[in-house]
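No lab work stands behind these numbers, since they all come straight from the coordinates. Predicted model only: the values in this text are computed from it and were never measured. No Cβ is skipped: glycine too gets one built from the backbone with ideal geometry, and neighbour counts run over all protein chains shown.
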Amino acid sequence: MPGRTAIGLDIGTSGVRAAELSFGKGGITLEKFGQVAVPEGAVRDGEVVDRSAVVDALKALWKGSGFSGRKVALGVANQRVVVRQVDLPWMTEAELKSSLPLQVQDYLPMPVEDCVIDFHAVEEIRQEDTRLLRGLLVAASREMVMSNVAAVQAAGLRPMSVDLSSFAVLRAVGRPHAADVATEAILDIGARISNLVIHSAGVPRFVRVLLTGGQDVTDAVAERLGVPSALAEAVKRGIAEDVPADEQELAGTAVDLMLEVFVDDIRSSLDYYSAANPQFRPERVVLSGGGSLLEGIADRLAAAVRLPVVAGDPISPLHVGRTGLDEQQLGLVQPLAAVPVGLALGVIS
Ligand SMILES: Nc1ncnc2c1ncn2[C@@H]1O[C@H](COP(=O)(O)OP(=O)(O)OP(=O)(O)O)[C@@H](O)[C@H]1O
Ligand SMILES: [Mg+2]
């Protein structure tokens, strides 16, 4: 029997997915993984908008996946989440916890009482006789978090913690002790949201949530060809049948244009960050998320940012228990597992 276990739950635009991990002396085991699609529009930019559709999907997920419990670590990713580097006067962890709301109002675009806030210390800074704590301030709109929490509760689950999806991806696919690389950029490309996080030795230094993903590429193809989204999705993935060559070419042009804008956006984020932090420049990019499966995206990105781009692997550091998934299925799950696996990992770290 597994010892301590944790379940991470990711509510994505295209589906809800969860991973259960157990933590034992011999390491960490992936016990279960499951996902269930949600109808288009039920989750918008990380926010549950059609609660009953999401509740149905969560119920189906729990029914079908054999998770051992109902307590979950929930992820959030949304443009209304603010992540900023701030310097606070040095203080103990307990002091920080109690005074954080008073310390950070000036950094927030909304009243602090409307936010759920968190602070991740990055380093201590000494300037002459002042001692500062530099870190990342995370503030999410309380209304957004609560609407997701309410959907999870309505499905009979118990959210025990809420964490930023970017940090989850970092835990799952970041390689803090890699001998060859000190600083990495990790990019999770979803359907509508992409998370960019830069870390050195596991410490997050920069986070950006972009409102672009694979569904925007599909939309561009649908518009260019004048076809429904499902067909555009198949054309994009190169699995549609009987598509005339000229239409395939048109679709290719639409994909190319979207990719160019996306890759440019990532490049400018990396440039902006690197200019301010020359001693912590990313040395490679690690990809995850379903959107990273788009043909050619890794090469385009590598050429634009002039760094090696590799696929993240959240599963190989884990033992694999009786998940009911074979090798091939685990391979397919890999890009989708980073967020839920990382959320579950956050429960013990
Ligand atoms: N084989 C593939 N080729 C190209 N794109 C793919 C492939 N498989 C999945 N995708 C794309 O991946 C995207 C979904 O990725 P993912 O499941 O990570 O998103 P999500 O977590 O549901 O959404 P979000 O994070 O934006 O809320 C879709 O846009 C889909 O088109
Ligand atoms: Mg996602």
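Max-minus-min Cα coordinates of segment 178-311 on each principal axis give 51, 24, 20 Å, with the largest extent listed first. If you run the Gaussian network model on the chain, springs between alpha carbon atoms under 10 Å, then out of Ser269, Ser292, Ser165 the most flexible one is Ser269.
Note the count of lysine pairs whose C-alpha atoms are less than 26 angstrom apart in the chain, limited to pairs 8 or more residues apart or on different chains. Close lysine pairs found across the chain: 7. Note that segment 82-141, at 20 °C in a medium of 1.002 mPa s, gets a Stokes-Einstein diffusion coefficient of 182 µm²/s from its Kirkwood radius over C-alpha pairs.
Taking the Kirkwood radius as Rh and the Cα radius of gyration as Rg, segment 32-126 has a ratio of Rg/Rh equal to 1.10. Take the alpha carbon atoms of segment 267-319, find their center, do the same for segment 199-243, and report the distance between the two centers in whole angstrom. Here the answer is 17 Å between Cα centres. What the Cβ-Cβ distance of Leu332 and Gln248 gives, at R0 = 25 Å and to the nearest 0.05, is a FRET efficiency of 0.55. Per-residue ellipticity at 222 nm computed for the chain from its helices equals -12500 deg cm²/dmol, with DSSP H segments shorter than 4 residues left out and the rest contributing -39,500 (n - 2.57).
Working value for segment 112-241: equivalent-ellipsoid semi-axes of 35, 23, 14 Å, each the square root of 5 times a Cα gyration tensor eigenvalue, largest first. Report the Cα centroid-to-centroid distance between segment 1-47 and segment 124-198 in angstrom, as an integer. Segment 1-47 and segment 124-198 have Cα centres spaced 16 Å from each other. Measuring nothing but how far apart in sequence close Cα pairs (under 8 Å, 6+ apart) lie, relative to its length, the chain scores a relative contact order of 21 percent. Counting only the Cα atoms, the chain fills a convex hull of 154 Å³ per residue.
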